[in-house]
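Inspection log for the structure reproduced underneath, given as structure tokens.
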Amino acid sequence: MALAMFAMTNRLGPWSWRRSSCSCVRAPTSMLASMLTPSRTYSQRAPLSSAPLSSSSSVSSLPAHIAGIIRFRGGPISVAEFTRETLQHPSLGYYARSEAASILGSKGDFVTSPEMTQIFGESVGLWVHTACAARSAKPQPWRIVELGPGNGTLMDDVLRTLNMLPDGKRRLEQCHVSLVESSPHLRDNQRQRLARFHDGVASVSWHAEIADVPHGVPTIVIAHEFLDALPTHVFRRQERDGAWREVLVDVDDRDGDADGDGDGGVDHGVDLDVAADAPSAGGFRYVVAPGATAASAMLLPRRLAAMDPSVRDRLRSVEISGKAMAACVEVTRRLRRDGGAALFVDYGRGEPYEASVRAIKAHRQVHPLAAPALSADLSACVDFGAMALATASANEEVSDEYRHGVRFHGPVPQSDFLHALGAGERARHLVSACGDDESAARRVYDGYRRVVETADEVASAGGDRGDAMGDAFVAATLVSDDVACGDDAVVSAALSLAEARGAPVRGCFENNKL
Ligand code: SAH
């Protein structure tokens with residue numbers, strides 16, 4: 001059946017992926033990234049009482065809790081801290097509430113590529129297999145780590161695919177599956193989803209942080225839409241003097257007396273300029289720090305210095321996620337110790353973003369500052385240039401524990417990455433396996449089309465460029481030197497890994513019956 005004959009209807013009805021609304025000199029050291037990582041990590045291990053609490057001991061809503069932090073500190077907080085509280089507060093946060101169990105899917109807040117089509121996870125499974133085989137021809141103990149596994153759909157497809165590939169069963173028997181997940185409700189989804197694999201793998205375990213995952217065996221890390229969920233700092237260049245200042249979040253009580261002390265608002269004792277764009281919503285407002293903050297002093301200069309001057313000169317604001325950089329540092333250190341490879345897929349590009357922080361509720365974009373009140377998801381596009389810097393700095397660290405060097409590849413468009421792994425052939429195979437069932441074939445094709453279509457392709461079919469995922473999402477890999485990967489200019493290492501192994505990737509799916 002010709003693929004082109006299908007009408008472009010949405011299988012899941014109204015939907016959205018968390019799409020963007022936005023339009024090396026001195027590398028930051030890995031220590032810097034770690035220092036700017038919020039020191040308090042919300043996880044199942046962190047008791048609620050460890051939070052720097054609002055003065056009230058009975059905070060029942062997230063906006064009240066965040067306003068309490070601002071009052072307690074006597075001043076505004078960073079966008080990164082606002083995001084962390086909104087998403088990760090252990091009882092009120094977006095990922096902590098019981099509703100988190102159903103945020104992914106057509107009835108939830110957003111849909112992701114692995115949820116749209118099995119072809120995504122199957123392609124990643126093939127990449128994982130290729131990396132394992134390029135590392136060692138014989139199956140041996142190893143670990144697969146997924147960061148932010150959501151419903152467990154990607155890992156389910158990856159393990160199912162590995163099980164079908166040559167030596168796959170034996171490789172799985174030696175495989176420790178480690179899931180890094182902060183949401184207890186999503187952990188439950190993952191536990192159910194992956195139950196059928198428990199007997200076929202060496203172990204399955206859950207961890208709040210990647211640093212908690214045991215060391216000692218070669219490791220493959222996969223992460224889809226994980227980095228974008230990590231808090232980002234926002235900086236703005238002042239028009240009057242060109243100085244860079246951090247954008248902060250304050251309580252918006254200019255029209256009233258929100259803190260109830262009769263003075264009409266919170267007195268921070270400093271004169272704060274209100275940021276020009278979308279300054280307020282949900283009881284909060286953006287302000288600009290009057291002087292340097294820790295993040296503006298430590299993260300910003302190094303990221304600016306590493307940028308192409310033509311990019312730097314036109315920026316009016318810039319987002320930097322110290323937490324996402326710290327995740328790359330941690331993954332790089334792990335690969336340097338134990339060997340292996342990592343794959344990050346997210347919406348992003350190789351350059352920084354000016355203003356991509358966005359909030360999504362029920363498939364609609366809402367104001368980021370309203371996210372605590374609406375219980376909305378908050379995310380930001382990923383600056384993979386900063387991730388490459390983080391990897392490079394961790395690669396320069398000296399330690400007796402390090403046995404390998406790690407290289408950063410990409411980012412490349414998701415459609416290139418998936419097609420390099422044979423996604424087109426796999427779609428054709430699955431469509432033809434549907435036989436006369438045209439609606440099933442349509443669903444298969446539609447899922448495939450959604451994850452590979454580029455903005456130009458969507459536009460030429462009369463659609464909205466913003467709906468395209470094939471090039472808005474990109475893939476990047478970190479590959480340690482124990483994985484035989486010859487070509488540095490690789491399309492995210494997938495093809496070269498396959499070539500190194502002597503098996504054309506495109507052929508792998510042609511005749512199999514996954
Ligand atoms: N990868 C999945 C889910 C993406 S949603 C998919 O593509 O379908 C983001 C995931 O990251 C969720 O599982 C969320 O709970 C998890 N997450 C977000 N921030 C996290 C953090 N700081 N630590 C651990 N997990 C986190």
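No value in this document is a laboratory result; all are computed from the given coordinates. From a predicted model like this one, the values you see are computed outputs, not experimental measurements. For neighbour counting, all protein chains shown are included, and Cβ atoms are generated from backbone atoms with ideal geometry for every residue, glycine included.
Here is how the numbers come out for the structure above:
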{"quantity": "Two-site label geometry, Arg170 and Ala211: point separation in nm, points 7 Å out along Cα→Cβ", "calculated": "3.9"}
{"quantity": "Ala64 paired with Glu99, simple spin-label distance in nm, labels 7 Å along Cα-to-beta-carbon", "calculated": "1.7"}
{"quantity": "³J(HN,Hα) computed for each position of the stretch 380-388 - Karplus, 6.51 cos²θ - 1.76 cosθ + 1.60, integer Hz, glycine/proline x", "calculated": "8, 4, 9, 7, 5, x, 5, 5, 5"}
{"quantity": "Peptide ranges 403-416, 96-109, 124-137 listed from the most packed, as the mean C-beta count within 10 angstrom indicates", "calculated": "124-137, 403-416, 96-109"}
{"quantity": "Label zone at Asn163 (point 7 Å along Cα-to-Cβ), backbone N below 17 Å, the stretch 189-213", "calculated": "190-205"}
{"quantity": "Descending Cα extents along the principal axes, the stretch 350-454, whole Å", "calculated": "60, 45, 24"}
{"quantity": "Over the stretch 342-488, relative contact order from alpha-carbon pairs under 8 Å, at least 6 apart, %", "calculated": "31"}
{"quantity": "Total formal charge among the other residues, if their Cβ is under 15 angstrom from that of Glu351, Lys/Arg +1 and Asp/Glu -1", "calculated": "-2"}
{"quantity": "Long-range amide H partners of Ser280 with built H, under 5 Å", "calculated": "Tyr286"}
